[in-house]
Amino acid sequence: MRMTWAMLAMGLGMSAAPHAWAADAAAGQARAEACQACHGAQGISENPEIPTLAGQQDKYLQWQLVFFRSGRRANEIMGPMAADLSDEDIRNLGAYFASLPAGTPPAADIDPVLRQAGQALAEQHRCAACHNDTFSGKQAAPAIAHQHRDYLAKALADYRSGARPSTGVAAMTEAASSLSDDDIAALAQFLAAYQ
Ligand code: HEC
Ligand code: HEC
């Protein structure tokens, strides 16, 4: 049975009663000390394989932590990191990282030809329809502009192979299914260096 947004939301006590709780970003900041070594002091990761979390969509962050905790998004590093998080921790961490100013990664070694190819692919596949015009994300669809290129490429390859299941209507499994390795490299370059 495919899980629906509503079922997932109920499990997390989210949209069923959206105002029944208030996330505490300050408590999230305290809990986030355990995350800094990898995700950066201000949520901006310097490691190309570790995603930047600063300014990411709150709801997206919460879902990913729930999926790491349950093993639905299987990752040997993040699984153990999320195992002990309570629902309250997850709400607070989401609020905290979403509140941080988004960073721009260092624009090193940009390949302009690859970037242009990536732009054309993003238009062709209508990535902005879900990820917002400037790829800044909305709700459960994450910001993908200015994320690390290597991480973006891995994420797309993981959706394509099924290693990372997409949520709800399986939007990303479908979006990534027809991408070639070259397409993924081009899209990752375009988004990482998005202007
Ligand atoms: C030892 C390093 C490490 C630590 C510590 C760590 N993370 Fe991660 N995190 C990662 C890696 C690596 C990934 C990428 C996993 C993948 O490739 O799918 C990740 C991914 C994530 C994602 C998914 C982001 C996205 O764009 O999908 C979230 C959310 C996250 N981590 C939150 C946290 C939080 C909250 C903490 C602290 C409680 C934390 N992490 C601690 C290494 C770490
Ligand atoms: C129908 C809506 C939709 C379309 C079209 C779409 N996406 Fe997504 N995308 C999503 C959603 C929703 C998620 C979060 C899914 C999840 O929970 O794993 C996501 C996640 C992602 C992620 C993971 C980001 C991270 O931080 O781990 C990347 C990368 C991504 N999309 C890139 C793209 C690209 C590139 C395209 C166009 C080829 C695209 N998406 C098209 C809805 C969409």
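The values are calculated or read from the model by the stated rules, or taken from the named source; none is laboratory data. Just so you know, these numbers come straight off a predicted model, no measurement behind them. Quick reminder, even Gly has a Cβ in these numbers, built from the backbone with ideal geometry, and neighbours come from all protein chains shown.
For the range 176-186, which residues satisfy the criterion of being in a helix (DSSP H, G or I) and either buried (at least 21 other Cβ atoms within 10 Å of the Cβ) or near ligand 2 (Cβ under 9 Å from one of its atoms) (or both)?
Ala176, Asp183, Ile184, Ala186
Specify the residue that is farthest from ligand 1 (Cβ to nearest atom); the eligible residues are those in the range 150-170 that are part of a helix (DSSP H, G or I) and among the small types (Gly, Ala, Ser).
The selected residue is Ser161.
Within the range 152-175, which residues are out of contact with any His (no Cβ under 9 Å at 6 or more places or on another chain), under 21 Å from Thr134 (Cβ atoms) and surrounded by 18 or more Cβ atoms within 10 Å (Cβ to Cβ)?
Leu152, Ala153, Ala155, Leu156, Met172
So, in the range 69-98, of the ones that are surrounded by fewer than 17 Cβ atoms within 10 Å (Cβ to Cβ), in contact (Cβ under 8 Å) with a residue 60 or more places away in the chain and under 15 Å from the mean Cα position of the chain (by Cα), which residue ends up farthest from Gly40 (Cα to Cα)?
Filtering first and then ranking leaves Arg72.
Collect the residues in the range 78-115 that are part of a loop (DSSP other than H, G, I, E, B), more than 24 Å from Ala185 (Cα to Cα) and of a type outside the set (S, T, N, Q), keeping them in residue-number order.
Listed by number, the residues that qualify are Asp84, Leu85, Leu100, Pro101.
Just one of the numbered conditions (1) more than 10 Å from ligand 1 (Cβ to nearest atom); (2) assigned to a loop (DSSP other than H, G, I, E, B); (3) at pLDDT 95 or above is not true of Ala23; which one?
Result: Ala23 passes all but (3).
Here is a list of conditions, (1) modelled with pLDDT of 95 or more; (2) over 13 Å from the mean Cα position of the chain (by Cα), and Ile110 meets all of them except one; can you say which number that is?
(1)
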